Amino acid sequence: MPLRFYNTLSQQVEDFSPLESNTVRMYTCGPTVYHYVHIGNLRTFTFQDILRRWLRARGYRLLHVMNITDVEDKIIRNAMAQGKTIGEYTAEYEKAFLEDAAALRLETPEKLVRATEHINEMIDAIIRLGEKGYTYDSEGSTYFRIANFPEYGKLSHSNFEGHRAGARVDVDEYDKDDARDFVLWKRRKDNEPSWEGPLGPGRPGWHIECSVMAMKYLGETIDLHTGGIDLTFPHHENEIAQSEALTGRPFVRVWLHAEHLMVEGQKMAKSLGNFYTLRDLLERGCQPEGVRYLLASVPYRKKLNFTFDGLKAAETAIERLRNFKLRVDTETFPEGRVEASSARAQEARTHFDAALDDDLNTAEALAALFEYIRETNTAMDAGDFRSGNAAEARDLLSHFDSVFDVLCPAAQAGAISDEEVERLVAERAAARKARDFNRADEIRRQLSDQGITLEDTKDGIRWKRK
Ligand code: AMP
Ligand code: ZN
């Protein structure tokens, strides 16, 4: 059976193959860096990591773009309240996001892009939308006229024909009941940070950034677009309207949306105050691998209720996996191979692969592995397991771990990734160039605490792990 995904657009499970050759072009709506991300956000990012890894396991190459939303209503409000520029305000949370992602072993997308670095392209896109008759101005702001895009509503499967033509919405987030012409460019108010240009002083709305960055790096039609289910409307509906109005072509072939992480029946959300950050959990002594396992273990289209018991159970499951690996690696088994044990490994692999091919059914994939472990432990106790079978068991575990990535304990995995070291080394070089020696020293200390030493060479800075 081929790889299959549920497509929010068609509301069907569809066979998947990329549009062009072997490369999957994929776009992910990244975090809004106005605060630390919570583990609800991280559920969606973990789903995307499992998706990335499974696509690669199935032989595809990836071109995955994720944006960092570093300009939007909440960011502006908070930055102004603290007397900071947007950049000063968001830098801390962007860094924290990357650290959290590394702690959860989320692979870094091939391209991470910031909204504020694409403002001119957004202005261009809005002007082109205007030339095609999709926009109008009101009180210095520019809006998208949804009545001019008859397919509006095709992703959220809503009929907006009866909406009040000309009614406008200026905020970035709103409900389906409130479907209105949405803002593309917001006129500058009070002392808000703003950009100059042909649209007048102002700043982009949230939605235009993803259309512009997705098409800039991935082309007019992309294979996969992912995000949490709450982004379906209005954000992704608006991305479709903007992009397809611009190009006249389908923007995205398959839309994948992750269901929410819940707490006592409610969506985990900053606005509800019912959230935990990864930092909160690590401070309580939880393991990052446990959090990763918990978030990955429930198929992404099912709601997942967060409890500390659930997190404990995830840690226990990892313990069982590690104990089994230890047994395979350290016990001495007689030479040879037992056919029944080989068949068991083969069957587990087939079942594991089929489950992940089936719209990433992670629960089923884990069940296949645990069944194998249970039966194999019994076979080992009975002497029905030989050294040839141990090699097969190791292969199966490493195949599993290339997707789930929980076997290696955090202390051994190294708390800081190579990418994060590179980023800090570059930031330190920039700080030194700007003669900000305090910051440069701080980064050297921070790296040293993480076991990284820096050496000045004639070719620049070299780093190594102690
Ligand atoms: P934001 O930073 O608010 O734009 O959210 C980042 C990502 O997290 C988006 O894809 C959201 O849809 C997703 N998200 C927000 N809350 C939750 C939740 N409780 N469970 C799963 N995903 C969520
Ligand atoms: Zn987006």
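The values are calculated or read from the model by the stated rules, or taken from the named source; none is laboratory data. Computed from a prediction, not measured in an experiment: that's the story for all the values here. Here Cβ is always computed from backbone atoms with ideal geometry, including for glycine, and neighbour counts include all displayed protein chains. Areas reflect the complete protein model, heavy atoms only, side chains present, ligands, DNA and RNA absent. Shrake-Rupley method; radii C 1.70, N 1.55, O 1.52, S 1.80 Å.
Here are a few things to note about the model shown:
- Once C-alpha pairs closer than 8 Å and six or more residues apart are averaged by separation and normalised to the residue number of the chain, the relative contact order reads 16 percent.
- Distances between placed amide hydrogens fall under 5 Å for MET262 paired with MET268, LEU304, ASN305, PHE306, all partners being 5 or more residues away or on another chain.
- Highest mean packing first, where packing is the average number of other Cβ atoms within 10 Å per residue, the peptides 51-58, 76-83 line up as 51-58, 76-83.
- Between LYS189 and GLN450, the simple spin-label model (points 7 angstrom out along Cα→Cβ) gives 3.9 nm.
- Theoretical FRET efficiency, 1/(1+(r/R0)^6), r = Cβ-Cβ of HIS351 and GLU264, R0 45 Å, to 0.05: 0.85
- Annotation: amide H of ILE452 within the under-5 Å range of LYS466, sequence separation 5 or more or interchain, hydrogens built in the peptide plane.
- On Cα atoms only, tilt of 339-357 relative to the major axis of the chain in degrees: 10
- Theoretical ellipticity at 222 nm over the chain - DSSP helices of four or more residues, -39500 (n - 2.57) apiece, nearest 500: -14500 deg cm²/dmol
- Principal-axis tilt of helix 39-57 within the chain, Cα atoms, nearest 10 degrees: 60
- Projected label distance in nm at THR378 and ASP124, using a 7 Å step from Cα toward the beta-carbon: 6.4
- Other residues whose C-beta falls under 9 angstrom from the C-beta of SER141 contribute a net charge of 0, scoring Lys and Arg +1 and Asp and Glu -1.
- Net dipole in debye of the chain [+1 Lys, Arg Cβ; -1 Asp, Glu Cβ; about Cα centre; nearest 20]: 720
- Between LYS458 and SER17, the modelled labels are 5.5 nm apart [label points 7 Å from Cα along Cα→Cβ].
- Area of GLU139 that stays accessible when all protein chains are in place (1.4 Å probe, Å², to 10): 150
- Scanning residues 5 or more positions from TYR60 or on other chains, none has an amide H under 5 Å from its amide H, with H placed 1.01 Å from N in the peptide plane.
- Dipole-positive endmost among ILE416, ASN389, ALA434 within the chain (Cβ charges, Cα centre): ALA434
- Across the range 138-145, coupling constants 3J(HN,Hα) worked out from phi with the 6.51/-1.76/1.60 Karplus curve, θ = phi - 60°, read 8, 6, x, 9, 10, 10, 8, 8 Hz, and Gly and Pro carry x.
- FRET efficiency, ALA343 to LYS312 (Cβ-Cβ, R0 22 Å, nearest 0.05): 0.05
- Ranking ARG386, ARG301 from most to least accessible surface, computed with a 1.4 Å probe over the protein chains only, gives ARG301, ARG386.
- Within the full protein context, the accessible area of THR247 is estimated at about 40 Å² for a probe radius of 1.4 Å.
- Ranked by the mean number of other Cβ atoms within 10 Å of their residues, highest first, the peptides 186-199, 95-108 come out as 95-108, 186-199.
- Rounded to 10°, Cα long-axis angle of helix 288-297 versus longest principal axis of the chain: 80
- Efficiency of FRET from Cβ geometry, ALA367 and LYS111, R₀ 60 Å, rounded to 0.05: 0.95
- For the peptides 416-428, 450-462, residues were scored by their other Cβ atoms within 10 Å and the scores averaged per peptide; the highest-first order is 416-428, 450-462.
- Out-of-range pairs (alpha-carbon distance over 26 Å; input LYS154/LYS303; LYS74/LYS154; LYS303/LYS325; LYS95/LYS325; LYS433/LYS464; LYS186/LYS216): LYS74/LYS154; LYS303/LYS325; LYS95/LYS325
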